[in-house]
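Beneath this line is the structure, given in structure tokens, with notes to follow.
What follows is calculated from the coordinates using simple rules that are stated; it is not laboratory data. Values in this document were obtained by computation on a predicted structure and should not be read as measured data. A quick note on method: Cβ atoms are made from the backbone with ideal geometry, for glycine too, and the neighbour counts reach across all protein chains shown.
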Amino acid sequence: MLTRLPGWSDLPAVRNDNVWVLDGPAYFNRPGPRVVRGAEILAYVLHGVRPPVPVTPREARRPG
């Protein structure tokens, strides 16, 4: 698990609570209609843009 690796807690993103877990195989790794949803999820995580359908914890969540 990533959170157990040495230096994990020293990462600026971890210290600032800016780490997210995303489902790569479902939204980013394969071409298809879900790629659009993946872009919406990334816009939400990176920029706070609210997509038409809210992002669920299954799609993007903070580890912990």
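Data for the structure
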| read-out | value |
| --- | --- |
| Cα centroid separation - the stretch 33-52 against the stretch 3-30, whole Å | 17 Å |
| The chain, relative contact order [Cα under 8 Å, separation at least 6], % | 35 percent |
| Residues in the stretch 46-64 reached by a label modelled at residue 22 [backbone nitrogen below 11 Å; 7 Å Cα→Cβ] | 46-47, 60-61 |
| The chain - Rg (one decimal) and Dmax (whole number), Cα, Å | 13.2, 39 |
